[in-house]
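What follows is calculated from the coordinates using simple rules that are stated; it is not laboratory data. All values reported here derive from a predicted model rather than from experimental measurement. Here Cβ is always computed from backbone atoms with ideal geometry, including for glycine, and neighbour counts include all displayed protein chains.
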Amino acid sequence: MTSQSHPKIVGILLAAGLSTRMGRPKQLLPFGNNTIIETVIDNMLSSNFDDVRVVLGHCAEDIKKLIMDRGVVTVYNPDYRDGMLSSAQIGIRSINFPYISRPSSTSCEKSYETNRDAFSLMLVDQPFITTELINRTIDGYRETNKGITIPSYNYQRGHPVIFHCKYAKEIVSLGDDSGGIRSLYQSYANDIHYVNVDTDHILKDIDFPDDYTKALQESKNSNS
């Protein structure tokens, strides 16, 4: 693969989950002056992603009403109960990568550009991943000839992860017993570029009510 001077990168936000461990839709929980999902979307829109799309499922209509003025493309995953892999796959299918079949027209809000070289996967429960952290990962991807770029803190992989489009077909073909997207990290270890960062924010997610309470306090402290 040749050096990637300025590949066009799609940011895909996975926001379709049931929030079972939280007990209520964490996408819609207040966070700062907005909600968790609005915070994450705003960080993505302020970054160097060339476009942003959001995969919805549980509470899709409520979430779509909330974010409809933010200029993002939404993609509906009818199989959101099957887990995060299904949402990643339908998000990738919404991009016109070669040899990848598109989802049905009812799943996608509009047609998409074909000149996209890579895609990034982000999780809706990680509002501490700032625009700066996203851009550091994007810069790392653009500075290497590796096909996968992952931010790392103390040798732990975080998000967002950026994939060259050559991996799209393999990811959308993964089955439930495949080990998921993480299986690619072992299969293609020599094609991974790690971007070392000095914060654990790339690792933090909000799964349980206690996580949310701690996240609110940390956000309050950082803004005080």
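Could you pull out every one of the aspartates and glutamates with an alpha carbon less than 20 Å from that of Lys64, ignoring same-chain neighbours closer than 8 positions?
Glu38, Asp42, Asp51, Asp79, Glu109, Asp125
I want to check the label-to-label distance for Thr20 and Asp198. Put each point 7 Å from Cα in the C-beta direction and report it in nm to one decimal.
Between Thr20 and Asp198, the simple spin-label model gives 4.0 nm.
Order these peptides, 176-186, 44-54, by their mean beta-carbon neighbour count within 10 angstrom, highest first.
Values: 176-186: 13.2, 44-54: 20.2.
So the order, starting with the most tightly packed, is 44-54, 176-186.
Just add up the charged neighbours of Cys59: K/R +1, D/E -1, any other residue whose Cβ is under 15 Å from the Cβ of Cys59.
Summing Lys/Arg as +1 and Asp/Glu as -1 gives +1.
What nm distance separates the two modelled labels at Asp42 and Thr130, each placed 7 Å from Cα along Cα→Cβ?
1.4
Pairs to check: Lys8/Lys166; Lys146/Lys169; Lys26/Lys169. Give those whose C-alpha atoms are more than 20 Å from each other in this structure.
Table pairs above 20 Å Cα-Cα are Lys26/Lys169.
Would you calculate the separation in nanometres between label points at Lys166 and Ala189, each defined as 7 Å from the Cα along the Cα-to-beta-carbon direction?
Going by the 7 Å Cα→Cβ label model, 1.9 nm.
Ranked highest first by average number of other Cβ atoms within 10 Å, how do 151-164, 19-32 line up?
151-164, 19-32
Using only the alpha-carbon atoms, what does the range 120-224 span along each of its principal axes? Please give whole angstrom values in decreasing order.
Largest first, the range 120-224 extends 44, 33, 21 Å along its Cα principal axes.
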